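Step one of this worksheet: look at the structure below.
What follows draws every value from the coordinates through simple rules; no lab data is involved. What you are looking at is a predicted structure, and each value in this text was computed from that prediction instead of being measured. Because the Cβ atoms are built from the backbone with ideal geometry, glycine has one as well, and the counts that use them run over all protein chains shown.
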Amino acid sequence: MSHTTNAFGQPIGLPVPGWTPRPRPERVALDGRYCRLEPLDAERHAAELYAAYAAAPDQRDWTYMAAGPFQDAAGYLAYAHKVAASADPLHYTVIDRATGRAVGTLALLRIEPVHGVIEVGWVAFSRALQRTPISTEAQYLLMKYVFDTLGYRRYEWKCDALNGPSRNTAMRLGFQYEGVFRQAIVYKGRNRDTAWFAMIDRDWPALAAAFEAWLAPDNFAADGAQQRSLAAIRAGQA
């Protein structure tokens, strides 16, 4: 049951006993098996990040981003300095533990401690990071920090409704689709209808167990191919 009834016979939301505002996320490092998340530091990370992004054969990875593409390393460095100073969005760099190099960024944003709601976004993963265990683990580490360490109730993912890869990624990671906000924003001189996805705290234990099973070394063959998909693991749990 998602509601109860008050003295007037009106349906009202379930009580949240003992609820207190949650802490704000901090500039902390988060360690995983394949990657490490570090607070974005322009001087330490920007050169490697720009090199990773510049290795792509074209600029399509920036089509649905509010920033970019960047024409040179100096332009990206200036951008990195600007966003690294922000507390919301709070940007993290993804470090490939095998190489020690920065290969992408993502951020926590629209941070609402009073309600326990937070969003992940500004996901800028280079081609070296896309479709690898590192990309999944980076998302998992941030989710785990939000739910297990900070105790938030709701974790959101939003994207341009026309961004098929982002929508597919949200579903693969276990977010539930909640609808489209029409004409939500204007970016890069064009309209964006925004697709909304979310997971909530009661979803998290099962999702976390699936991530742990997927990320386990025995889920990957010698050539790196996955043995079971994340969706298949969740279906098996169900």
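Toward the positive end of the charge dipole of the chain, with +1 on the Cβ of Lys and Arg and -1 on the Cβ of Asp and Glu, the farthest Cα among Gly174, Pro15, Gln139 is that of Pro15. Overall, the chain carries a charge dipole of about 400 debye about its Cα centre when +1 sits on the Cβ of Lys and Arg and -1 on the Cβ of Asp and Glu, all other atoms neutral. For the options Gly104, Gly68, Gly189, a Gaussian network treatment of the chain with springs between C-alpha atoms closer than 10 Å singles out Gly189 as fluctuating the most. Considering only beta bridges that DSSP places wholly inside the chain, some 90 percent are antiparallel. Each peptide in 145-156, 13-24 receives the mean, over its residues, of other Cβ atoms within 10 Å, and ordering these scores from highest gives 145-156, 13-24.
For the listed peptides 119-126, 222-229, 203-210, a ranking on the average number of other beta carbons within 10 Å per residue, highest first, reads 119-126, 203-210, 222-229. Straight-distance candidates among the lysines for linking to Lys188, with alpha-carbon spacing under 19 Å and chain neighbours fewer than 8 residues away dropped: Lys82, Lys158.
Distance from the C-alpha centroid of the range 198-238 to that of the range 134-183: 15 Å, rounded to the whole angstrom.
Ranking request for peptides 93-103, 49-59: highest mean number of other beta-carbon atoms within 10 Å first, then the rest in descending order.
Order by mean packing, descending: 93-103, 49-59.
Considering only Leu207, Tyr34, Ala161, the residue lying farthest towards the positive end of the dipole of the chain is Ala161, judged by Cα position with unit charges set on Cβ. For the range 1-82, applying the loop criterion from DSSP together with a ceiling of 15 other beta carbons within 10 Å to the GluC sites (Glu not before Pro) yields Glu26. Working note: Karplus 6.51/-1.76/1.60 with θ = phi - 60° gives the range 196-203 the couplings 10, 9, 7, 10, 10, 4, 6, 6 Hz, where Gly and Pro are set to x.
With equal scatterers on the alpha carbons only and no solvent term, can you work out the Debye log10 of I(q)/I(0) for the range 44-182 at 0.12, 0.13, 0.14 1/Å? The calculated log intensity ratios at q = 0.12, 0.13, 0.14 Å⁻¹ are -0.49, -0.58, -0.68.
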